[in-house]
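*Asks:* Before anything else, here's the structure in question.
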Amino acid sequence: MKKIIKTMTGGIWLVDPPKDISLNGYRIDNVIQYTDFVITLYFGIVVVSLIFFIWRYNARKHPHAVYDLGNTKKHRYLTVAMGLLVFFSIDVVIESMAFKDLKEAFWKFPKGEDVVRIEIMPQQYAWNIRYPGDDDIFGTNDDIVPPQNILHIPVNTPIVVQLTTYDVIHSFYLPNFRYKQDATPGMVTAMWFQAKETGDYEFACAELCGNSHFKMKGFLTVESKDEFDNWIVAQEPEVTDDDDDWGFEEEDEGVPTKWGWQWKELK
Amino acid sequence: MEGIKMSSSKSIMSTHIFSTDHKTIGKQFLFLGIFFLLFGGFQAMLIRWQLAYPEQPVPWWLFGSIVNGEAGMITPDVYNQLFTMHGTIMIFWAITPLLIGAFGNFVIPLQIGAKDMAFPTLNMLSFWTFFLSGVVLLVSYFLPLGVASGGWTSYPPLSLPAGGIPGLGQAFWTLSITLMGVATMMGAINYVITVIRLRAPGMTYFRMPLSVWGLWLASILNVIFVPVIAAGLIMLLTDQLLGTQFFLAGRLAAGGGGDPLLFQHVFWIFGHPEVYILILPVWGIVSELLSVFSRKPAFGAKITVICMSTIVVLSSVVWGHHMYTTGMSPLLGKTFMFLTLLISIPSSIFFFNWLATLWRGSLHFDPPMLHTMAVIWVFAIGGLTGLYNATVTADIYLHDTMFVVGHFHYTMAASVLFGGYAAIAYWYPRMFGRMLNPLLSKIHFWGTFISINLVFFNMMATGYAGQHRRLYNPGEFEFLKPLADINIFITISAFILGAFQILFLYNFIHSMVKGKVAENNPWKSNTLEWTMDYPIAHGNFSTAPQVVNGPHEYSNPNVKDADWVCQTVKIGNES
């Protein structure tokens, strides 16, 4: 079915999206492909009728128009049929696909032991990333804070990310996962994703955040579970003198420290 | 009638500058709109230059040295200013005055058989407030730290001093749009009341031309939703200048602050109806002109009106689809998606009616008709691609990418541009007494039609390939490097598009002086604005017209020797 749709629409965008390496990205690609198909169909109908009418009913060929107000009962039925056709062929299909995907994947946050939890706090113009460390609690002395813009995740493992921002609104955009989530001041937002393949990828800020918005790039490394464990062990824990002073106040050459927040449990 | 004539003294001040004649005010809006259209369009060319040839000096034919100082390069802060002002100017100072300002003013009273607007002085004030708002906006170009650069949506906290944009540019931006909103409200109230109160005898609602319907519905949305954004902008302004914290939160807010999301809600409660405010006049004009140039009644005109009215209602409850990635509640996301997709039903029905109007018609491909049919093409693409953005899951990927940019340029830029050109070509003889040069009009049309599709379709393609918006240099990202060629292609197409608009400008000005003198009813239309001699006197109609027909009695078999009949002429079997 996917192939048929792809052939029928001829890949209307003429380019390919970034490689999908995620568990659920195919769902987004599918709904996009169905929409490609259905809009090509309807646009085709519009264009074919336009061309036919231009050829058949131009004034030279068809000097006398037919007087037709289009207000009879038959016309009204036809109109209702048109509306219903569109409703069922477009709205109902796309909606059921999307709602199913949201329920089964995007809004169904994974739970359990193997989930990797990460807190991300973008700032103008860099990504601060925090892992909970050995005690599995954020905002403690053993938190792992890698250098800015460096994000490592294990493959085939659900990753839950919570986001807030240091300053203005940013958006955590993972092209290879077909996903993005805003980071807004004063609130914690959440998203989850899972990689199917290892490798090095990029992530970006998708929400205008100032003059160097275009440079706000991060480096994502997807690696095996073992490599990931080795990497995280090799990182220095964020050692601090006292536990009391957690908050946004401290900065070291523009890099905030001790910014972690208590993990928000989702229902 | 007498009152209007006696009160108008003959000085140039009162006839051409502070005129209360709706026709003069309409022309003033038209000229100002075209000025801003060119200004905003020029900035688009600079944006495209930077996207195709990042950090290379702007060439002389884009006025590189004047705009960018000595180095001749666009810097990141200038780039952000360019796209901010391009969007702001095009939406608020080009499209709004071109369609609602110019044609709302010029066409509504003439087509409904009124002597003038309900409140002529308010109408004049509306234009001059609008003019003032434009001046405030342009003055901000001379501020030491430049104009606003927070995007046309101006989301806080970025648009607040704490967000890091220096200077007063953002505050001038907020102030000028608030003023623009005041001007729009004055105009909109005028249009709404004029249509309700001043229709000529016999001009029932369903005998109004569909162009009036479109403009009227747009004005109703304006009356309801412009106050919302005005309130939001005043709050934003006090945040910017007085240190209130309506839209500030997190670390930057000293005393707890407010909520940045609140601004997004307020902005889009207005912002989504706004796109319908911009497009409704086009729908009306298209519905009307298709009938005129097919010499056939508008198919199912009543249903078209009902559909447009349904969309007016729906447009006010779908703003959340701009905010799917903000982390809104799943229930809200689904609701907004459902409501948004519902718009496809009335839209498809009036599309069907448009095509059915052409069916068995007798099509005359004069320049207004060419532009009208182009609207069908571009709005079909624009409307259908809206489906991706309405879908929560697809939008998670496509939100804030060039796909969205391409989509809304199809709906707002391309559709409104062609609708505006159709309206200008159609009513030009009534406004200036002469015809546009048809050959130049046709060259301009084809050049615009081809290049505009190359630009906006490929924008969507780059977005589908992942390119996010508002990037100074897409080459910063490895995954966007393969798109360099397509970006160059878009830019060259955009330059061609821009060049063809200069041809239009030449035609527009030249024909005013040298164009063929127009007859009173060159398109053989039924509607009332073609019944009087040019120049149309202040007061329009010497006696109030008595309307007996609907506007679309083309090719009526009961009319002898003509395929049209004026709305005031009885169609009878008596002869």
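*Asks:* Which whole-number percent is the relative contact order of the stretch A:2-106 (Cα, under 8 Å, 6+ apart)?
*Replies:* Across the stretch A:2-106, relative contact order equals 41 percent.
*Asks:* Counting GluC sites (Glu not before Pro) as exposed when in a DSSP loop with at most 13 other beta carbons within 10 Å, what is the longest stretch of chain A free of them?
*Replies:* No qualifying site falls inside A:1-112, the longest such stretch.
*Asks:* Also, I was wondering about something else. Shielding by partners for B:468-481, please: the mean number of other protein chain Cβ atoms within 10 Å of each residue's Cβ.
*Replies:* For this peptide, the per-residue mean of nearby foreign Cβ atoms is 5.
*Asks:* By count of other Cβ within 10 Å, fewest leading, how are A:209, B:307, B:566 ordered? Don't skip to the answer; put the middle values down first.
*Replies:* Numbers: A:209 29, B:307 24, B:566 20.
Ascending Cβ contact count within 10 Å gives the list B:566, B:307, A:209.
*Asks:* Per DSSP H run of n ≥ 4, the term is -39500 (n - 2.57); total these for the protein assembly as shown, divide by its residue number, and report the mean residue ellipticity at 222 nm rounded to 500 deg cm²/dmol.
*Replies:* Calculated from helices alone, the mean residue ellipticity at 222 nm is -16500 deg cm²/dmol.
*Asks:* Quick check: the angle from helix B:22-52's long axis to the longest principal axis of chain B, C-alpha only, nearest 10 degrees?
*Replies:* Rounded to the nearest ten degrees, it is 30.
*Asks:* If you put +1 on each Lys and Arg Cβ and -1 on each Asp and Glu Cβ, how big is the dipole of chain A around its Cα centre, in Debye rounded to 20?
*Replies:* Computed charge dipole of chain A: roughly 3700 debye.
*Asks:* Rounded, prolate or oblate: pick one for the stretch A:2-106, where a ≥ b ≥ c are the square roots of the eigenvalues of its C-alpha gyration tensor, a/c under 1.5 means rounded, and failing that, prolate if a/b is larger than b/c, else oblate.
*Replies:* Oblate, since a/c reaches 1.5 and b/c is not below a/b.
*Asks:* Here is a follow-up. Taking each residue in B:543-550, count the Cβ atoms of any other chain within 10 Å of its Cβ, then average. What number comes out?
*Replies:* The per-residue average across the peptide is 0.
*Asks:* Is the C-alpha gyration tensor of chain A telling us rounded, prolate or oblate? Criteria: a/c under 1.5 is rounded; beyond that, a/b larger than b/c is prolate, otherwise oblate.
*Replies:* Since a/c reaches 1.5 and a/b is larger than b/c, the shape of chain A is classed as prolate.
*Asks:* Note down the nm distance, to one decimal, between modelled labels 7 Å out along Cα→Cβ at residue A:255 and at residue A:190.
*Replies:* Between residue A:255 and residue A:190, the label points sit 2.9 nm apart.
*Asks:* How crowded by other chains is B:253-261, given as the mean number of beta carbons from other chains within 10 Å of each beta carbon?
*Replies:* For peptide B:253-261, the averaged partner shielding equals 3.
*Asks:* Quick check on the protein assembly as shown: of the DSSP beta bridges with both residues there, what percent are antiparallel, nearest 5%? Please list the in-between numbers first.
*Replies:* Numbers: 31 of 42 bridges.
Once the DSSP bridges in the protein assembly as shown are tallied, antiparallel ones form about 75 percent.
*Asks:* Sorting B:513, B:78 on the 10 Å Cβ count, fewest up front, what's the list?
*Replies:* B:513, B:78
*Asks:* Assuming 0.692 mPa s and 37 °C, estimate D for the protein assembly as shown with Stokes-Einstein, Rh taken as the Kirkwood radius over Cα pairs, in µm²/s.
*Replies:* 116 µm²/s
*Asks:* Could you tally the net charge around residue B:261, taking each other residue with its Cβ under 13 Å from the Cβ of residue B:261, Lys/Arg +1 and Asp/Glu -1?
*Replies:* Values: positive: none; negative: A:182, A:207, B:259.
Taking every other residue near residue B:261 into account, the sum is -3.
*Asks:* Here's a follow-up. Hey, which lysines would be in cross-link range of residue A:61, C-alpha to C-alpha under 20 Å, not counting anything within fewer than 8 residues on its own chain?
*Replies:* B:296, B:524
*Asks:* Another question about this same structure. Which order results if B:31, A:177 are arranged by neighbouring Cβ count within 10 Å, fewest first?
*Replies:* Placing the least packed residue first, the sequence is B:31, A:177.
*Asks:* Which whole-number value in Å³ per residue fits the convex hull of the alpha carbons of the stretch B:22-530? Walk me through the intermediate numbers first.
*Replies:* Working: hull volume 73.4 nm³, N = 509.
Cα convex hull per residue, to the nearest whole number: 144 Å³.
*Asks:* Can you say what percent of the DSSP beta bridges in chain A, counting only those with both residues inside, are antiparallel? Round to 5.
*Replies:* Approximately 75 percent, going by the DSSP bridge assignments.
Any read-out appearing in this document is the output of simple, stated calculations on the displayed coordinates, not a laboratory observation. These numbers were taken from a predicted model, which means no experiment stands behind them. Note that we place each Cβ from the backbone using ideal geometry, even for glycine, and neighbour counts take in every protein chain shown.
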